[in-house]
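Every read-out reported here was derived from the displayed coordinates using simple, explicitly stated rules and does not represent laboratory data. These numbers were taken from a predicted model, which means no experiment stands behind them. Glycine gets a Cβ as well: all are built from the backbone with ideal geometry, and neighbour counts include every protein chain shown.
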Amino acid sequence: MVATSTIQTKSSDYIKELVDRRYDHDCIDKELDFWDHCLAEPERTGEVTEDITCQQLAKIFENSLSQAKKTILHCSYVLVPEKLTQRIAGEVLQLAACEPCGLRGCILYVHLEMENGCKRLERIVYDATVVPTFEVTLVFKQDGTAWTSLQDFLFMGTCFAPTFRRILKLSSGFRLVKKKLYCSSPGTIVDEG
């Protein structure tokens, strides 16, 4: 991007046009200030964009777990370790960095590894307008350390009403498997914990 001195970043005609279209004046100022900042410090723009994308992706994973807890997992609560979704989002962004369309060319499959196998929770197409070039399968892992015996005790059925549902606790570990769709190269596996 090239900025020249002939461009007026906050020209009054441009702002008047946006206000006439019923855009909020404060919102316009914030947007213009953001882009002025990006032009002034281009090296920081990439970091800000990556951080925002990481937060959005972490929120997508959290929403996926939230939607699956009642429909697929049949539980009341899913306990997620602090910063787990942000760590996973950062790893996914690193896997997408060398792809032609980046994260926009990704299909994400979200699974949960349980004692009796893996359950598919969701399929996420990050940008439906872009032809996908790779797939990433995320496998959350269930925390089984001393939690199962406590669950068994709580779900005996004699102490609680039948509407009481179980609580699912996730481990801090996860697995990511990247597969390129139009290439015969082997996939990439990231396994933490």
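Values as computed for the structure displayed
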read-out	value
5 angstrom amide H check on residue 169, placed H, neighbours 5+ away	79, 143
Long-range HN-HN contacts of residue 126 with modeled amide H, under 5 Å	106, 108
Linear extension gain, residue 72 paired with residue 94, 0.36 nm per residue minus alpha-carbon span	5.0 nm
Label zone at residue 127, where the point sits 7 Å out along the Cα-to-Cβ direction: the stretch 67-111 residues whose backbone N lies under 11 Å	100-106
Cross-link pairs beyond the 20 Å C-alpha cut-off, checked among 141/178; 83/141; 59/179; 119/141	59/179
